[in-house]
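Visitor: Please find one structure pasted underneath; my questions will follow.
The values are calculated or read from the model by the stated rules, or taken from the named source; none is laboratory data. Just so it is clear, the structure is predicted and the values come from calculations on it, not from any experiment. Using ideal geometry, Cβ is built from the backbone for each residue, glycine included, and neighbour counts are taken over all protein chains shown. The accessibility values were calculated without ligands, DNA or RNA, using every heavy atom of the protein model including side chains. Shrake-Rupley method; radii C 1.70, N 1.55, O 1.52, S 1.80 Å.
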Amino acid sequence: MIRETFSEEETIALARDLGSKAVPGQVYRLDGDLGAGKTVFARGFAEGLGITEPVSSPTFQILKEYHTGRIPFYHYDVYRLSDESEMDEIGYEDAFYGAGVSLVEWPERIETLFPEKCIDIKIETDPGKGFDYRRISIEGLQDQ
Ligand code: ADP
Ligand code: MG
């Protein structure tokens, strides 16, 4: 499934809709370059889960978790991870295999840790279509 958005608000709305339909055990791999809109997407997704507290980038903490929504929400940004073994300390098994939903920015850095079935979201820019244009592809939702 491909969606195109033309503003931050449209990406928030799309992610909010996905968040409202998210179910426990889902892991969303969120791919895209720096500034593509991964954290913006996470913000909308959290809204859809009923989380009202502000969602900011977990870059320095690697993981931020939210327990005020419909189900627990684990938001990872693994950009600064030095290697996959660091994830053991941070904790991912409860997140990936538990009763919550996980969303991971920079998923290629922890490739081997993911469960077999994940949902892949890719956010891409296209300078030819304007500064605020994003092409968002969503794969794997139907095989859940
Ligand atoms: P990332 O987490 O991928 O590094 P951020 O979500 O932190 O990126 O930042 C995305 C930036 O792009 C924000 O400044 C946001 O306002 C801007 N932006 C412009 N257009 C869009 C769009 N259509 N969707 C999402 N973000 C957009
Ligand atoms: Mg980010």
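Visitor: For the list (1) of a type in the set (D, E, K, R); (2) modelled with pLDDT of 95 or more; (3) away from ligand 2 (no atom under 13 Å from the Cβ); (4) in contact with an Asp or Glu (Cβ under 9 Å, 6 or more places away or on another chain), I need the number of the one condition that Glu84 fails.
Guide: (2)
Visitor: Separate question: Please go through segment 62-81 and pick out each residue that is of a type in the set (D, E, K, R) and either closer than 26 Å to Phe6 by Cα or more than 13 Å from ligand 2 (Cβ to nearest atom) (or both).
Guide: Within segment 62-81, the first condition is being of a type in the set (D, E, K, R), and the residues that meet it are 64-65, 70, 77, 80.
Glu65, Arg70, Asp77, listed by residue number.
Visitor: Determine which member of the set Thr52, Thr59 is within 16 Å of ligand 2 (Cβ to nearest atom) and among the hydroxyl-bearing types (Ser, Thr, Tyr).
Guide: Exactly one of Thr52, Thr59 is within 16 Å of ligand 2 (Cβ to nearest atom) and among the hydroxyl-bearing types (Ser, Thr, Tyr), namely Thr59.
Visitor: Hey, another quick one. Among the residues of segment 20-32, which ones are open to solvent by less than 30 Å² (accessible area, probe 1.4 Å), within 10 Å of the chain's Cα centre (by Cα) and under 21 Å from Thr5 (Cα atoms)?
Guide: Tyr28, Leu30 - these are the residues of segment 20-32 that are open to solvent by less than 30 Å² (accessible area, probe 1.4 Å), within 10 Å of the chain's Cα centre (by Cα) and under 21 Å from Thr5 (Cα atoms).
Visitor: Which one of these does Thr11 not meet: (1) buried (at least 22 other Cβ atoms within 10 Å of the Cβ); (2) within 11 Å of the chain's Cα centre (by Cα)?
Guide: Answer for Thr11: the failing condition is (2).
Visitor: I would also like to ask the following. Taking interchain pairs and intrachain pairs at least six residues apart, which have beta carbon atoms under 9 angstrom, with the first residue in segment 89-108 and in contact (Cβ under 8 Å) with a residue 40 or more places away in the chain and the second assigned to a helix (DSSP H, G or I) and among the β-branched types (Val, Ile, Thr)?
Guide: Once the first residue is in contact (Cβ under 8 Å) with a residue 40 or more places away in the chain and sits in segment 89-108, its partners that are assigned to a helix (DSSP H, G or I) and among the β-branched types (Val, Ile, Thr) give Val104/Ile110; Glu105/Thr39.
Visitor: If a residue has to be within 11 Å of ligand 1 (Cβ to nearest atom) and surrounded by 11 or more Cβ atoms within 10 Å (Cβ to Cβ) to count, how many in segment 131-144 make the cut?
Guide: 5
Visitor: Within segment 33-57, can you find the residues that are assigned to a loop (DSSP other than H, G, I, E, B), near ligand 1 (Cβ under 10 Å from one of its atoms) and surrounded by fewer than 21 Cβ atoms within 10 Å (Cβ to Cβ)?
Guide: Of everything in segment 33-57, those that are assigned to a loop (DSSP other than H, G, I, E, B), near ligand 1 (Cβ under 10 Å from one of its atoms) and surrounded by fewer than 21 Cβ atoms within 10 Å (Cβ to Cβ) turn out to be Asp33, Leu34, Gly35, Ala36, Ser56, Ser57.
Visitor: While we're here: Give the residue that is surrounded by the most Cβ atoms within 10 Å (Cβ to Cβ), with candidates limited to residues of segment 86-126 that are more than 19 Å from Arg16 (Cα to Cα) and in contact with a Ser or Thr (Cβ under 7 Å, 6 or more places away or on another chain). Break it down stepwise before answering.
Guide: Here is the first cut: in segment 86-126, the ones more than 19 Å from Arg16 (Cα to Cα) are 86-99, 106-117, 125-126.
Pick out the ones that are also in contact with a Ser or Thr (Cβ under 7 Å, 6 or more places away or on another chain) and you get 95-96.
Details: Ala95: 23, Phe96: 21.
Restricting to residues being more than 19 Å from Arg16 (Cα to Cα) and in contact with a Ser or Thr (Cβ under 7 Å, 6 or more places away or on another chain), the top hit is Ala95.
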